[in-house]
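One structure, pasted below without further comment.
Every number here is computed from the coordinates shown, using simple stated rules; none is lab data. Predicted model only: the values in this text are computed from it and were never measured. All Cβ positions, even for glycine, are placed from backbone atoms using ideal geometry, and neighbour counts span all protein chains on display.
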Amino acid sequence: MRKKVLFVLMVFFFTFYSHAAESIEPPLIYYRDNSIIIGNTVVPVPLGNTGSYEYAFDGKRQKLWFQDSGRHTSTFICVNTKGQTEETFTIDVGKINLIGGRFFVFDNKALICVQSKKHTRLIVDLETKEYQLIDITNMGYKEISCFYDNKIFFFSESVEKSVMYFDCFTGEIFYAETDLQGYGFMPLTNAYVGLNKKGKIVIQKFDTGEIIETNISGIRGRPLGKVNDRYYMTEKYLYFSKKDKWYSFTHGMFFARFVFGLGPVQVAHKWYRYSLETGEIEKIKTDYPFINLLGVVEE
């Protein structure tokens, strides 16, 4: 009996370490300890006027951006995927008062908050350095989840099917037509990713409504729109996460959460890569269990 137990343990550890050794290591981009990690490169978040700079990754242009608001100015720092600073500039926005808040960049266009009017947002063209004000009063206080192609995506955690977008050109509001749960928008592929009623990960094209089903079980019960701890999608791959129950068990998270109602806001998880072409799934090797994925450097 004792020999059987030892044999089972040996098989377990051999399987575990063999699987770990075969894990891939694509350069993930995420925040950790007041720095942005790009693969093995650490880029400290700069200090600004009232604290640390805001940060965002432009997946289309593969650039990391930092932004800091002064009273009437906005300063931008552009960093490439090697961690090198490429450009720093400041724009003067006249009498507009800027405030700190979520910062988004896609295809060299940035979206930041302003305070001069309660429901105004500032869109900056990072190439021409020109800016425009967008009034989103009709959206109320809903949280922004994404900025893409002059569309601002919002969500409300308390309402089902609540991801909607504001067209900055027309001022119109559109609601997502989907049966997906726990979903969000993937700007690089112009699609939603979420779960169907069976808890499987599903991709839904934004323009056509085309559904692409997978047989992958996703994480349930996560806030709508906030998907960077669960999904990131490029033209080649869908990056997805699963709960890391082993980490939670070995670090006492199950005990603290279920007995005392305590625990981290984030759930420990592992990341995987699903090939949209072949359906192959590969485990990603990481040494940090709370990755909110800003982006991935792909060749």
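Could you check the simple spin-label distance between His72 and Asp287, using points 7 Å along Cα→Cβ, in nm with one decimal?
About 4.8 nm separates the two model spin labels.
Additional query: Amide H neighbours of Tyr239 under 5 Å, at least 5 residues apart or on other chains, H built in the peptide plane: list them.
Distant-sequence amide H within range of Tyr239: Tyr232, Met233, Thr234, Tyr274.
For segment 49-101, build the charge dipole from Cβ charges (+1 Lys, Arg; -1 Asp, Glu) around the Cα centre, then report which of Leu64, Thr75, Gly51 sits farthest towards its positive end.
The listed residue farthest towards the positive side: Leu64.
What pairs in Lys151/Lys283; Lys63/Lys142; Lys82/Lys198; Lys151/Lys236; Lys129/Lys243; Lys142/Lys243 have C-alpha atoms more than 30 Å from each other? Could the numbers behind the result be given before it?
Values: Lys151/Lys283 33 Å; Lys63/Lys142 27 Å; Lys82/Lys198 41 Å; Lys151/Lys236 24 Å; Lys129/Lys243 42 Å; Lys142/Lys243 28 Å.
Exceeds cut-off: Lys151/Lys283; Lys82/Lys198; Lys129/Lys243.
Also, quick follow-up: Would you grab the residues whose amide H sits under 5 Å from the one on Phe104? Only those 5+ places off in sequence or on another chain, please, with H modelled 1.01 Å from N.
Amide H neighbours of Phe104: Leu111.
Here is a follow-up. Mind checking the full-extension length gain between Lys197 and Ser23? Use 0.36 nm per residue of separation minus the Cα-Cα distance, one decimal, nm. Could you put the intermediate results ahead of the total?
Working: separation 174, 0.36 × 174 = 62.64 nm, distance 3.02 nm.
Between Lys197 and Ser23, full extension yields 59.6 nm more.
Output ³J(HN,Hα) for segment 64-70: one whole-Hz value per residue in order, computed from phi by the Karplus curve 6.51 cos²θ - 1.76 cosθ + 1.60 with θ = phi - 60°, and x for Gly and Pro.
After applying 6.51 cos²θ - 1.76 cosθ + 1.60, I find 9, 10, 10, 9, 9, 9, x Hz.
Along the Cα→Cβ direction, 7 angstrom out, place labels at Glu299 and Thr278. What is the inter-label distance in nm?
So the label points at Glu299 and Thr278 sit 1.5 nm apart.
How much length is gained if the chain between Glu210 and Lys242 is pulled fully straight, taking 0.36 nm per residue apart and subtracting their Cα-Cα distance, in nm to one decimal?
Numbers: separation 32, 0.36 × 32 = 11.52 nm, distance 2.49 nm.
Gain on stretching Glu210 to Lys242: 9.0 nm.
Give me the dipole magnitude in Debye, nearest 20, for segment 40-126 about the Cα centre, with unit charges on the beta carbon: positive for Lys and Arg, negative for Asp and Glu.
Numbers: 11 positive and 8 negative charges, 70 e Å.
Magnitude of the dipole: close to 340 debye.
Then there's this: Can you compute the modelled spin-label distance between Thr170 and Asn49, with each label point 7 Å from Cα toward Cβ, in nm?
3.6 nm
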